[in-house]
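Every number here is computed from the coordinates shown, using simple stated rules; none is lab data. This one's a predicted model, so the numbers in the text were calculated from it and none came from an experiment. Here Cβ is always computed from backbone atoms with ideal geometry, including for glycine, and neighbour counts include all displayed protein chains.
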Amino acid sequence: METTTRSWTLGELANILGGTLEGPTETRICRPIPAGLADPEGLTFAESPEFLTKVLDSGVGAVLVPKGSGALGIPSIEVDRPRAAFGHFLALCHRPLPIDAGIHPTAVISPEAEIEPGVSIGAYVVVERLAKIGKGTRIYPFAYIGEGCSLGEKVCVFPHAVLYQDVAIGDRSIVHAGAVIGADGFGFGWDSPSRTRRVKVPQVGRVTIGSDVEVGALTAIDRATAGETLIEQGVKLDNLVQIGHNSVIGEHSVIAGQTAVGGSSKVGRRNEIGGQVAITDHVEVGDDVYLAGRTGVTKDLFEPGVYWGVPAKPIITAKRISNLTMKLPEMNKRIKELEARLAELEQRTK
Amino acid sequence: METTTRSWTLGELANILGGTLEGPTETRICRPIPAGLADPEGLTFAESPEFLTKVLDSGVGAVLVPKGSGALGIPSIEVDRPRAAFGHFLALCHRPLPIDAGIHPTAVISPEAEIEPGVSIGAYVVVERLAKIGKGTRIYPFAYIGEGCSLGEKVCVFPHAVLYQDVAIGDRSIVHAGAVIGADGFGFGWDSPSRTRRVKVPQVGRVTIGSDVEVGALTAIDRATAGETLIEQGVKLDNLVQIGHNSVIGEHSVIAGQTAVGGSSKVGRRNEIGGQVAITDHVEVGDDVYLAGRTGVTKDLFEPGVYWGVPAKPIITAKRISNLTMKLPEMNKRIKELEARLAELEQRTK
Amino acid sequence: METTTRSWTLGELANILGGTLEGPTETRICRPIPAGLADPEGLTFAESPEFLTKVLDSGVGAVLVPKGSGALGIPSIEVDRPRAAFGHFLALCHRPLPIDAGIHPTAVISPEAEIEPGVSIGAYVVVERLAKIGKGTRIYPFAYIGEGCSLGEKVCVFPHAVLYQDVAIGDRSIVHAGAVIGADGFGFGWDSPSRTRRVKVPQVGRVTIGSDVEVGALTAIDRATAGETLIEQGVKLDNLVQIGHNSVIGEHSVIAGQTAVGGSSKVGRRNEIGGQVAITDHVEVGDDVYLAGRTGVTKDLFEPGVYWGVPAKPIITAKRISNLTMKLPEMNKRIKELEARLAELEQRTK
């Protein structure tokens, strides 16, 4: 399976994860495993009795469980928070996509680019003039870093990502493969009232991305028409997301796959936005807003809360409406019955 | 139009396709043509009288028709199944994207990669250490094959596809341009109850793709958090599809463009899933399920059948509800009338 | 911020933009700025009193306003059409993604390709045999130009775009980063009634793109099964759009992000299609049709107008239905009340 087979004894893991081992200290564990899968060299976790049942029959090597779980019939490590301990083990097992230190001989780096020490630049990377690459930053093969881009420290740009010119990215941010940052915003007007042809509005702004941001694979963030498109610190964007020109995504918001934020819109802080959501142009969403999948935001929405539907409504309202929609056949029947009964009554009391 | 102009006489084609020619044997045919387009060197097909009418006036060179159609006024070849014969002719005309045999001198191949004989590796391909490339596999320019990836025999990886580490692909599978396989799953938690910043859940699993799979252009398949994301044999994914971490797509299922399957979800076998569909996280869809375009699956759905809507409903129910929704103005009016009539009646009978 | 800091005095700008200056001629302006942002070196515009209020307090260097606005307290240039003058200034400030003239030594160009003079071909571009590149065309790093492709004059292909074989692109068209043109259409049939495996329908057609077209980042346009997929002149496609095989997009239509047009569908001229719209397979949309975001077109739609919803309805109808849907809880309550009142009345008049 995995290429590099590191392993730990259960004794070592109990020690590293700060837990108490119930079982043989010498059993070897090679990898994390989702609950319910068989793997005598795997370690999983169970926070609830339901998951534990699933795990006990699965043939896994060992399980992380809450303190006080006692002997379970399979090796276990008791910890304070099994999910967190599993996260710790995931981090232990994490093997970054390999890249050699230094600059690969095939990389085409402008002599006018500014490269700090301690970077890794892979095969067939292009870095244009006036670009700045911070300390410890890794740029994987085929990435294109346009003129005047600025990457902070420990940034990671995965293969095939494209940064047009004037894209700034803060420290420790991650850009996944195939993401395109800084392509032209989508702006056109007609040439004349007779509408002969569309005229492009030149897009001359930039994209600014804060620190600790993650940009998913094949996600597009357009440059501003003028000024900047802004992704604030700590934002996490999933795959295939579209961020329009001049929009702002507030600190620590997360946006799931295939969601679109229109041009000149502003999304607040700490939001959680589901997949395939649409936020139209020129609207504002406040802080601490949750949007369930497929929600359509068509006007400003400031009140913190959980929303769903098109247009976005508080989720309780939206679910009630959705349920009533499913009762439309019944409602229609009730109206028909009312009409018949009323007609009869009208006839009778004429 | 097409670069290489091969051609066949109608006599040759009747022979190759196993049909009976009505018309001149020496007329030359150069290419397949959709029904209704003009092209004296083109061949099309017509299964029904409607299509035949469209074809007869179109100026096409010849038409494939069912046996017993007789003379039609334009050259025709009578065959058992016109659509299948047309498919046969498409296959005759198919010209694979050209790539030279062997390894292009600009390809950067790790000395620790294992390349079987008979492969074609194009310009500017990167193959990392411990990757295995099977016999007869073609890898087009700019593809990135990450550490420990394993490609079977006769696999085809089109330009600019990206495979992060630990991606396995079965025999004869096709990965289209710009697809990204193995990027991190989308998993984050808060650092603390005070929610200062999001913490990334390390993604250490892999992606396993069976044989005879097709992955569309710009489609993203995330690696598992732990364990594997699994695309079983014979699955066909269209363009711009999103497959979340740890999900499973069952054998021979097809998924149309811009559809998303959430994390840890399981899609059954032989399903047909339309475009822009969403299947949320942690749900299961059974075998032989058809989901019409834009359907949203929010909970388990095991019963084979055709579904539509959000949440997914049997399509007859969903269409009935959709039709009634369009009658809401009328229903509203009927309620108003009932109210007025009832008020009058109440008044009258007081 | 921007890399190259050009600047103009207000006097120069008033002259270039054909306006009348209210304010000091020597103030220097370096860049366009969205209304409401602070930048003493920025120029913005205000067409309405609302925008002007926003601008006056913002700390911007100067503002373009309609003729007759008079002294405003900040420097201003009076012009006939402020938005158009701002567009003119945007064009002045536009700095194309830099690329050197000529062919970069790392580009891999087939000796059988035909390259006209005056082209720019960047690092690590691949141009296959029988491709033709017109005068003044720019091809950025990592673009793949497949066999038999034909690019007109002054075409611009941004980094990482992929053109499979037989793609023709007209003069002055723009293909943004990561776009994939000419990948296989999505066509499969079962091998037999027992449905053992899916069989690929070979895709042997081409893609034809007219002049003055713009293709957004990460947009996919599939090649035709036979014949051509056609994007007519002046069409503008946003990011992450999917165009199916054999479809036609009519002249000067614009399509916003994440929209999908199915296979063999025909979209008319001068249409404006919002984001996340779906047009299903084998339907036709007429000229001068506007589709609001998320609309689903499921059958032919010829009448010019503005549409919304699934299925697409005239927007007034669609909004009325949407509003009534939100009143379903109230309608349900009214039906209940009617039932109660009617039951009472029936009882009373028995």
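Miscellaneous remarks
- The simple spin-label model puts a point 7 Å past each Cα toward its Cβ; for residue B:67 and residue A:344 those points are separated by 6.3 nm.
- Candidate cross-link partners of residue C:67 among the aspartates and glutamates, defined by an alpha-carbon separation under 15 Å and a same-chain spacing of 8 or more, comprise C:22, C:47, C:78, C:80.
- Put simply, the convex hull of the Cα atoms in segment C:43-140 casts, on average, a shadow of 9.2 nm².
- Volume per residue that the Cα convex hull of segment B:8-93 spans, once the total is divided by residue count, Å³: 72
- Beta-bridge orientation, the protein assembly as shown: approximately 10 percent antiparallel, per DSSP, counting only bridges with both partners inside.
- Under a model in which nothing but the beta-carbon of Lys, Arg (+1) and Asp, Glu (-1) is charged, the protein assembly as shown shows a dipole of about 2980 debye around its Cα centre.
- From least to most packed, judged by other beta carbons within 10 angstrom and beginning with the fewest, A:251, B:344 follow the order B:344, A:251.
- Compactness of segment A:194-248, taken as the C-alpha radius of gyration over 2.2 N^0.38 Å, stands at 1.36.
- Relative intensity, log₁₀ I(q)/I(0), of segment C:153-301 from a Debye sum that treats every alpha carbon as a point, q = 0.10, 0.12, 0.14, 0.20 Å⁻¹: -0.32, -0.46, -0.61, -1.17
- The distance linking segment C:191-228 with segment A:213-260 is 30 Å (Cα centroid to Cα centroid, whole angstrom).
- Sorting the segments C:170-179, C:293-302 by their residues' average number of neighbouring beta-carbon atoms within 10 angstrom, most packed first, yields C:170-179, C:293-302.
- Choice from B:47, B:153, B:272 with maximal GNM fluctuation in chain B (Cα, 10 Å cutoff): B:47
- Debye-formula intensities of segment A:73-128, expressed as log10 I(q)/I(0) at q = 0.13, 0.19 Å⁻¹, are -0.56, -0.74 (one equal scatterer per alpha-carbon, no solvent).
- Of the cross-linked pairs A:200/B:236; A:266/B:200; A:135/C:154; B:319/C:327; A:319/C:319; B:299/C:200, those separated by over 27 Å at the C-alpha level are A:200/B:236; A:135/C:154; B:299/C:200.
- In nanometres and ascending order, the distances from the residue A:57 label point to those of the other copies are 6.6, 6.6 (point 7 Å from Cα along Cα→Cβ).
- For the peptide B:139-147, the mean number of other protein chain Cβ atoms found within 10 angstrom of a residue's Cβ is 6.
- For chain B, a Gaussian network of Cα nodes joined below 10 Å ranks B:116, B:26, B:214 by mean-square fluctuation, and the top entry is B:26.
- Local net charge near residue B:274, Cβ-Cβ under 11 Å (Lys/Arg +1, Asp/Glu -1): -2
- Label reach from residue B:57 (point 7 Å along Cα→C-beta): in segment C:248-281, amide nitrogens under 20 Å belong to C:266.
- Diffusion constant of chain C at 10 °C, which comes from Stokes-Einstein with the Kirkwood Cα-pair radius and 1.306 mPa s, µm²/s: 66
- Calculated log₁₀ intensity ratio I(q)/I(0) where the Debye formula runs over C-alpha points of the protein assembly as shown, q = 0.05, 0.07, 0.10 Å⁻¹: -0.34, -0.67, -1.28
- Simple spin-label estimate for residue B:298 and residue A:188 in nanometres, 7 Å along Cα-Cβ: 3.7
- Remark: segment B:306-311, residue by residue, has Karplus-estimated 3J(HN,Hα) of 10, 10, 8, x, 10, x Hz, where x stands for each Gly or Pro and the curve is 6.51 cos²θ - 1.76 cosθ + 1.60 at θ = phi - 60°.
- Of B:94, B:104, B:245, the one that fluctuates the most in a GNM where chain B has Cα springs shorter than 10 Å: B:94
- For residues of C:231-238, the mean tally of beta carbons on other chains within 10 Å: 3
- Highest to lowest packing among C:225-231, B:215-221, scored as the average C-beta count within 10 Å: B:215-221, C:225-231
- Put in order of Cβ neighbour count within 10 Å, fewest first, the listed residues A:190, B:8 become A:190, B:8.
- For chain A, averaging the sequence separation of C-alpha pairs within contact (under 8 Å, six or more residues apart) and dividing by the residue count gives a relative contact order of 6 percent.
- Spin-label zone in segment C:291-308 - amide nitrogen under 16 Å from a point set 7 Å from the Cα of residue C:284 along the C-beta vector: C:298-304
- Ranking of B:149, B:93 by count of other Cβ atoms within 10 Å, fewest first: B:93, B:149
- Peptide A:210-219, shielding by other chains (average Cβ, 10 Å cutoff): 5
- Looking at segment C:102-317, the DSSP beta bridges with both ends there are about 10 percent antiparallel.
- Segment B:303-350 and segment B:56-95 have Cα centres separated by 49 Å.
- Helical content alone sets the calculated 222 nm signal of chain C at -5500 deg cm²/dmol, taking -39,500 (n - 2.57) per DSSP H segment of four or more residues and averaging over every residue.
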